[in-house]
Amino acid sequence: MGSQVSAKTNDKEQQLKKASKMAMVRALLPIVGLVVIFLLFNVLTDFRMMGNLSLAFSQVYVTMIAAMGVFFIMTMGGLDFSQGSILGIASIVVCILSKHGIAIAILGGIASGAIIGAINGFFYVYRKIKSFIVTICTMFLFRGFIKYMTTNAPVSGSATLINYDSTGFKVACTVVVLVIGFIAFRYTKFGTYLKAIGAGEKAAMFSGIRTDRMKFLMYVLAGALTGFAAFINVIKVGSVTSSGGNQLETQILIALVLGGMPISGGAKVRFENIVVGSLLYIVLNSGLTMMGFSTQMMQLIQGVVFLIFVAVFADRESLTVIK
């Protein structure tokens, strides 16, 4: 009898050790992947990437800020495919309002993003429609508005917008947003509640978490963050075309998965997924571009890498239908 108990104990210890090793591998793989891919592309491009580092990373700020909102949503087990359309609409609002003041333009962009996020949250939370269905619908709806608003010509903003297009300013804005998000997610009940909802919504509800309110507010927050990212997006050229925000939702999803984000959300997510994943996506995309690959070949390679990372980081024990 004692030998059986001892054998079971040893089996449990081995399983825990194996799980701990796998968790460590999953945590380190995106960072190792980032370093390896960065070095590989530098070698393959005769270190041109190192020379054009600021140009390569000029695209990362918008992706990283917008990805934080989607990260919160995915932590709860949801999805959001409307981020590109939100960025496009908010960019138009920023351009129009910039003629009345930069502060008003920033607030207008945040407000417009939050309103679209509230629409997503309302239909998802209170009308009980799956998150991916709601956000795909709003993606097409607001993409139509963007094309209508930019049919005759791009929507131009104030000439003063370009004055803010400096690396230092964009880095500072991105760092401030990420630090606030990191502190809230890691050191407050906010992050605990999100993980609890992702791990098991019913259990979270019974533990006293107001799950519906939390889910609704996360969509509003995600929209607001993308609305702020729209300001960073607009200051590069000072105008918006019909392609504004195109494919942003795909870039965010790929970036988060490359950073080790489990599609199912829950307790295994880490805030570092946002930073590492965004950098990994930009390095991969910039490297393939510098090597002269066609758009079709780049999409093929990105798709293969994306599938590999999904297979590695999917939490099969808790994976259910996306909420």
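Has the stretch 130-139 got any residue that is surrounded by fewer than 21 Cβ atoms within 10 Å (Cβ to Cβ) and without any contact (Cβ under 8 Å) to a residue 40 or more places away in the chain?
yes
Being open to solvent by 50 Å² or more (accessible area, probe 1.4 Å) and small (Gly, Ala, Ser) is the filter here, so list the residues in the stretch 47-61 that pass it.
Those that are open to solvent by 50 Å² or more (accessible area, probe 1.4 Å) and small (Gly, Ala, Ser): Gly51, Ser54.
Give all pairs with beta carbons closer than 7 Å in which a residue from the stretch 184-203 that is within 16 Å of Phe216 (Cα to Cα) and open to solvent by 70 Å² or more (accessible area, probe 1.4 Å) meets a residue that is modelled with pLDDT of 95 or more and in a helix (DSSP H, G or I); count only pairs at least 6 apart in sequence or on separate chains.
Listed by first residue and then by second, the contacts come to Tyr193/Met214.
Are any residues in the stretch 219-249 within 27 Å of Ser264 (Cβ to Cβ), assigned to a loop (DSSP other than H, G, I, E, B) and open to solvent by 50 Å² or more (accessible area, probe 1.4 Å), and if so, which ones? Give the derivation first.
We begin by selecting, within the stretch 219-249, every residue within 27 Å of Ser264 (Cβ to Cβ); these are 219-226, 229, 245, 247-249.
Restricting the remaining residues to those that are assigned to a loop (DSSP other than H, G, I, E, B) gives 245, 247.
Once the filter is applied, which keeps residues that are within 27 Å of Ser264 (Cβ to Cβ), assigned to a loop (DSSP other than H, G, I, E, B) and open to solvent by 50 Å² or more (accessible area, probe 1.4 Å), the stretch 219-249 yields only Gln247.
Take the stretch 69-89 and flag every residue that is closer than 11 Å to Leu248 by Cα and small (Gly, Ala, Ser).
Within the stretch 69-89, Ser82, Gly84, Ser85, Gly88 qualify.
Assuming Tyr61 fulfils every condition listed in (1) in contact (Cβ under 8 Å) with a residue 24 or more places away in the chain; (2) over 18 Å from Ser239 (Cα atoms) apart from one, which condition is it?
Of (1) in contact (Cβ under 8 Å) with a residue 24 or more places away in the chain; (2) over 18 Å from Ser239 (Cα atoms), only one is false for Tyr61: (2).
What's the number of the only condition in (1) open to solvent by less than 10 Å² (accessible area, probe 1.4 Å); (2) outside any helix (DSSP H, G or I); (3) in contact with a Ser or Thr (Cβ under 6 Å, 6 or more places away or on another chain) that Gly260 fails to meet?
In the conditions (1) open to solvent by less than 10 Å² (accessible area, probe 1.4 Å); (2) outside any helix (DSSP H, G or I); (3) in contact with a Ser or Thr (Cβ under 6 Å, 6 or more places away or on another chain), Gly260 misses (3) alone.
Just one of Phe182, Phe216 is within 17 Å of Arg270 (Cα to Cα) and hydrophobic (A, V, I, L, M, F, W, C); which is it? Walk me through how you get there before you give the answer.
Working: Phe216 fails: within 17 Å of Arg270 (Cα to Cα).
The unique qualifying residue is Phe182.
For the stretch 168-209, give me the residue count where each residue is more than 26 Å from Val62 (Cα to Cα) and either among the charged types (D, E, K, R) or not in a helix (DSSP H, G or I) (or both).
7
For Met291, which of the numbered conditions (1) within 18 Å of the chain's Cα centre (by Cα); (2) more than 26 Å from Lys147 (Cβ to Cβ) fails to hold?
(1) is the only condition that Met291 fails.
The values are calculated or read from the model by the stated rules, or taken from the named source; none is laboratory data. Everything numeric in this text was worked out from a predicted model, so none of it was measured. No Cβ is skipped: glycine too gets one built from the backbone with ideal geometry, and neighbour counts run over all protein chains shown. SASA here: full protein model, heavy atoms, side chains in, ligands and nucleic acids out. Shrake-Rupley method; radii C 1.70, N 1.55, O 1.52, S 1.80 Å.
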